[in-house]
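*Asks:* Following this message is one structure expressed as structure tokens.
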Amino acid sequence: MNNFPRYGLLSLCALSFGASAAESGFIKDASATLQARNYYFSRDFSGIVGANQQSKAEEWGQGFIFNFKSGYTPGTLGFGVDAIGLLGLKLDSSPDRTGTGLLPVQDDGRAADDYSRVGATLKMRYSKTELKVGELQTNLPILQYNDSRLLPPTYQGVSLTSAEISGFTLQAGHLSSTSLRNEAGDEKMIAMLGHLPQRQSDSDAFNYAGGDYSFNANRTTASLWYGRLEDIYQQGFVGLKHSQPMGDWTLGANLGYFTANEQGEARIGDIDNQAFYSLLSAKHGGHTFSVGYQAIYGENAFPRVFPNISPLGNEVPTYEFAYTDERSWQVRYDYDFVAMGIPGLTATVRYLKGDNVDTGRGFEGKEHERDFDLGYAVQSGVFKGLGIRLRNAMARSNYRSDIDENRVILSYTWTLL
């Protein structure tokens, strides 16, 4: 399966223009990388809840991610172009084990043997303001980038970023479609409430505006954002991050508050949601200790664009802890082995517990999850660029399916430019 986005012609024009400016920053400041990503994903379900009675999702794939970023042509108004190429290959799958999010599922229930995509972006810069048109990978509190499978997702649209005022970064954008992490083509966006996709209706666009203000020697950042999935929901966000050195320790705080309601035609019905999260940390040497509290209010679960994650403090890759009226706690421990003379090796252990869930079935929903992550990135020598990550998770609930999960991710990145 192959696809070239409708914005590609604009970017091809920029490529032609950039070629004539090879002596300028267009080529001089360009960069290009190729990442090979080998991904094994397994989820075993027990006590299955819902219409899908599949007891296991297990697949293995090989991905390739090419990224090119040009510099800018000289002059007051600079032009450039970015390009991305994606290729996913099936190594192992079966109709009774699909649904991992690694590979597309065809009409016959089997995973596709391969899928690919090429996208390009025209970019223009004036002073410290940048306009992009084409293939985008946004990373915002109300639309957070989710590169958690074989290939990354992308959006198609227009974005504007400005840093003209010292300390302020302002952004706005209009996204008309998305290419999902396991699909090659473009499609309209849908919403997800908590962990449940709302497939009955889609939206024509996602619009956003907001910004971050960093001060206090960049130790403190305040954020204010607005996002709107047209005719489905609109959402506001206010956040605060702070890092404070205290002797040999560094204390951190990450606080945020969301509010959301239906928008326009309200294609999935009325929406009423507020969400508060807090994540406090203390770092000493290679040790980081964290504790988090999260609360969901209103008549609905937390809304987002499917299948994205959010910056909620207790959101993890298996459970979201963001269902209606849910209250959840997290304790987390991270260790960076550079403190023991092993740079590149890191480990994370965390435990989360949620309750007070309004299941709508006459009983209180409860759930908990335990995660362990181990990662290593080779720092030098012939294997520099090689990364290994192992993940094991156990999640249990009385209102949704239990999950036992394992992931093994091998990646190698070549710097081409």
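Throughout, read-outs are computed from the coordinates displayed, never taken from laboratory work. Remember, it's a predicted structure, so these values are computed and weren't measured experimentally. Note that each Cβ is placed from the backbone with ideal geometry, even for glycine, and that neighbours are counted across all protein chains shown.
*Asks:* Please report the equivalent ellipsoid semi-axes of segment 213-343, computed as sqrt(5 x eigenvalue) of the Cα gyration tensor, largest first, in whole Å.
*Replies:* 33, 17, 12
*Asks:* Note down the magnitude of the dipole of segment 188-415 about its Cα centre, charges +1 on Lys and Arg C-beta and -1 on Asp and Glu C-beta and zero elsewhere, to the nearest 20 debye.
*Replies:* My answer is approximately 820 debye.
*Asks:* Output the pairs from LYS69/LYS132; LYS28/LYS123; LYS28/LYS132; LYS90/LYS188; LYS69/LYS123 with a Cα-Cα distance over 18 Å in this structure; if there are none, say none.
*Replies:* LYS28/LYS132; LYS90/LYS188
*Asks:* Can you give the local net charge around LEU131? Use residues other than it whose beta-carbon is closer than 13 angstrom to its beta-carbon, Lys and Arg +1, Asp and Glu -1.
*Replies:* Counting the neighbours of LEU131, the net charge comes to +2.
*Asks:* Rounded to the nearest Å, what's the spacing between the alpha carbon centres of segment 195-225 and segment 103-122? Just the number, please.
*Replies:* 28
*Asks:* Apply the Karplus curve 6.51 cos²θ - 1.76 cosθ + 1.60, θ = phi - 60°, to the phi angles in segment 105-118 and return the couplings in whole Hz, x for Gly and Pro.
*Replies:* Residue by residue, segment 105-118 yields 9, 7, 4, 7, x, 9, 6, 5, 5, 7, 7, 8, 7, 10 Hz.
*Asks:* For segment 401-415, just list the computed ³J(HN,Hα) in residue order, Karplus coefficients 6.51, -1.76 and 1.60, θ = phi - 60°, integers in Hz, with x standing in for Gly and Pro.
*Replies:* After applying 6.51 cos²θ - 1.76 cosθ + 1.60, I find 5, 6, 9, 10, 10, 9, 9, 10, 10, 10, 9, 9, 10, 9, 8 Hz.
*Asks:* Going Cα to Cα from LYS384, which aspartates and glutamates come in below 19 Å? Please leave out same-chain ones fewer than 8 positions away.
*Replies:* Straight-line reach from LYS384, under 19 Å: ASP336.
*Asks:* How would you rank 332-338, 54-60, highest first, on the average number of other Cβ atoms within 10 Å across their residues?
*Replies:* So the peptides 332-338, 54-60, ranked by packing, come out 54-60, 332-338.
*Asks:* May I ask you to list the lysines whose Cα is less than 22 Å away from that of LYS283, ignoring any residue fewer than eight positions away on the same chain?
*Replies:* LYS241
*Asks:* If you don't mind, there's one more thing I want to ask. Explain nothing, just compute: Karplus ³J(HN,Hα) = 6.51 cos²θ - 1.76 cosθ + 1.60, θ = phi - 60°, for every residue of segment 326-339 in order, whole Hz, x for Gly and Pro.
*Replies:* After applying 6.51 cos²θ - 1.76 cosθ + 1.60, I find 6, 10, 9, 10, 9, 10, 9, 9, 10, 9, 9, 6, 4, 5 Hz.
*Asks:* Next up: For segment 336-411, just list the percent of Cα-Cα distances falling in each 5 Å bin from zero outward, please.
*Replies:* P(r) over segment 336-411, rounded to whole percents: 4, 14, 17, 16, 13, 10, 9, 7, 6, 3, 2, 0.
*Asks:* Where does the chain land at 222 nm, in deg cm²/dmol rounded to the nearest 500, when only DSSP H runs of n ≥ 4 count, each adding -39500 (n - 2.57), divided by all residues?
*Replies:* -1000 deg cm²/dmol
*Asks:* Now for a different question. Which label marks the calculated value of Cα extents along the principal axes in Å, given the options (i) 82, 47, 41; (ii) 67, 61, 52; (iii) 87, 58, 43?
*Replies:* The calculated read-out lines up with (ii).
*Asks:* Follow-up. Could you give me the radius of gyration and the Dmax of segment 188-415, taking only the C-alpha atoms into account and expressing both in angstrom?
*Replies:* 19.5, 60
*Asks:* Moving on. Starting from the Cα of ASN207, step 7 Å along the direction of its Cβ; do the same at ASP29; then give the gap between the two resulting points in nm.
*Replies:* Label-label distance for ASN207 and ASP29, simple model: 3.1 nm.
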